[in-house]
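Laboratory data are not the source of any read-out in this text; all were calculated from the coordinates shown. Predicted model, so just to flag it, every value in this text is computed and none were measured. Here the Cβ is made from the backbone with ideal geometry for all residues, glycine too, and neighbour counts use every protein chain on show.
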Amino acid sequence: MRARVGQRVPVVVQSRGRRRTGARVLWVCAETVVTCGVVVLLLVVHQLWWTNQQARTEALQQVRVLEREWDISPPVPTSPTAPVTGTGAGSGADADAGGSSPSGAPSDGATRRPAPDAAPGRSDPAPSDAFAVLRIPRLGLTVPVAQGISKRSVLDKGYVGHYPGTAAPGRTGNFALAGHRNTHGEPFRYINRLAEGDVISVRTRGATYTYRVDQILPRTAPRDVGVVRAVPRSIVKPSYGYDAPGAYLTLTTCTPEFSSAYRLVVWAKLVS
């Protein structure tokens, strides 16, 4: 049938508004996901790269400051019969416990019977103050040692921290240290690569002490306080540790990597 002249023919037009709205929602969601991904990536880069670079730079600068100061103002020599004083446990013990360097021990040219680190009456290092330099040749590590194990003022600066109440370097007792394994300079990241016989040195204002790695405890609980006692022995795994007094160095860090579930412990003995 023909449509009558002047009669309007209805035309159905489909609206695209809903389609456009749905596309915009999807686009906004995609942008949000991408933005979140970029933010997370930047945070990871900051934690794993930037904090390391920043902390390492600051730590190496502190090493240079310390050693420049020691070279300019060495300690005043004392009489061989003068009493030796030190910080932490073991104060008053013989400065060169362990005797002369055994045959085959590496030498850094330091005098083997050095002056004590502190004159009589000198106080302990102030909290967070760097007072020594730790070197581990096998790992290519040079890092300052500061008093205390505060994350913010010591460990997060890329330093190694000295457990309060433990012995001073070179003294009878346990010179116990802690350091980050990941981020903030991660000075102890690769101490799991150390092996029996590896050499570790600790330089202070008055002397350079040489230790040799003796035992490694691959994993223990964070509560295992026995590993930093004067005569270190694990209370979680008693087969690891020592029975007799001596001059020990203890390195502690978290394990496995990127976790703080357990502790990795390396013990060394003073040889010169």
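Test of understanding: what is the full-extension gain from residue 26 to residue 196, defined as 0.36 nm times their sequence separation minus their Cα-Cα distance?
55.2 nm
Over segment 221-272, what is the mean sequence separation of C-alpha contacts under 8 Å (at least six apart), divided by residue count, expressed as relative contact order in percent?
Normalised by residue count, the contact order of segment 221-272 is 29 percent.
Could you run the Karplus curve 6.51 cos²θ - 1.76 cosθ + 1.60 with θ = phi - 60° over segment 238-252 and give me ³J(HN,Hα) per residue in whole Hz, x for Gly and Pro?
With coefficients 6.51, -1.76 and 1.60, one gets x, 6, 9, x, 10, 10, 10, x, x, 9, 10, 10, 10, 10, 10 Hz.
What distance in nm separates the simple spin-label points at residue 129 and residue 68, each placed 7 Å from Cα in the Cβ direction?
Taking the two extended label points, one gets 2.0 nm.
In whole Å and largest first, what semi-axes does the C-alpha gyration tensor of segment 137-209 yield when each eigenvalue is scaled by 5 and square-rooted?
They are 18, 17, 11 Å, listed from largest to smallest.
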